[in-house]
Amino acid sequence: MKELYIIRHGETELNRLGIVQGRGVNADLNPTGVAQAAAFFNKYKSVPFDKIYTSSLVRTHQTVKAFIDLGLPWEQLPELDEMAWGEWEGKPNTEEARTAFREVVRQWQLGNYDAKFGGGESPNEVGVRLAKAIDHIKHQTEEKTVLVCMHGRAMRLILCLLLEKPYSDMEEFLHTNTTLYRLTFDEKTGKFTLIDANNTSHLV
């Protein structure tokens, strides 16, 4: 049995301002994000993680840096990167932007998983690379307890894949900065089971 601890990165200044980052914006954590990362470490530093996986983006590296500094094995998987939002990445949080995002999310909820912004990625496209990351992690059979740090929208999509849900259900998975989802993987059945969802008790 393998256990995955999947967390979202800590807050960046763009998160605070409500500006979309996406795969193409490599933002650092802000002071709140650093504090969130420290709080997560303080609560879970005794967990015997065999491996840490992050995306290629620095905000995930910074979030789990204290675990990496313990000497735990760490691997970057670009397949875990955030969805690319294309033309909207880094743009101000205007009513026009909010309307555009509401419309694309509505398309996804209607089952149009190919909907995307110009220059961006669709859920189907992100899902292809996330599936590669899942396959890689699953096949490291010697790693029994794994910490994965990634991004809000990509986290929602990977949880749909792991739990065999349609992408139209992705909005069910809340994703506060440094929130934790825990899943077990039964290597005999090939099934993942959700055992803890949207846990932010370390931030209290």
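Here, each number is a calculation from the coordinates, and none is a lab measurement. In this text the structure is predicted, and so the values were computed from the model without any measurement. Backbone-built Cβ (ideal geometry, glycine too); neighbour counts: all protein chains shown.
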_Using Cα-Cα distances under 8 Å and only pairs 6 or more residues apart, what relative contact order does the chain have, in percent?_
31
*Could you order peptides 191-197, 7-13 by the average number of other Cβ atoms within 10 Å of their residues, highest first?*
7-13, 191-197
*Could you state the per residue volume, in Å³, of the convex hull enclosing the Cα atoms of the chain?*
109
_Filtered trypsin sites (Lys or Arg not before Pro), region 43-127: DSSP coil and at most 16 other beta carbons within 10 Å_ = 45
_For a bin width of 10 Å, list the pair-distance distribution of region 94-178 built from all Cα-Cα distances, rounded to whole %._
15, 45, 30, 8, 2
*So which of 43/91; 43/138; 65/116; 116/191 end up more than 28 Å apart by C-alpha?*
43/91; 65/116; 116/191
*What does the charge add up to near residue 51, with Lys and Arg as +1, Asp and Glu as -1, over the other residues with Cβ less than 10 Å from its Cβ?*
-3
_Radius, Kirkwood style, for region 15-116 when every pair of distinct Cα atoms is counted (Å)_ = 15.7
_Cα-centred dipole magnitude for the chain, charges only on beta-carbon of K, R (+1) and D, E (-1), debye, nearest 20_ = 340
*For region 2-203, build the charge dipole from Cβ charges (+1 Lys, Arg; -1 Asp, Glu) around the Cα centre, then report which of 53, 109, 92 sits farthest towards its positive end.*
53
*At q = 0.14, 0.18, 0.21, 0.29 Å⁻¹, what is the log10 ratio I(q)/I(0) for region 29-87, with the Debye formula run over Cα points and no solvent?*
-0.42, -0.66, -0.86, -1.24
*Hey, what angle do you get for helix 123-138 against the long axis of the chain, alpha-carbon based, 0 to 90 degrees rounded to 10?*
10
*Cα-Cα pairs of region 148-204 separated by more than 19 Å (percent)*: 28
*Extension gain (nm, one decimal) between residue 161 and residue 144, 0.36 nm per residue minus Cα-Cα*: 4.1 nm
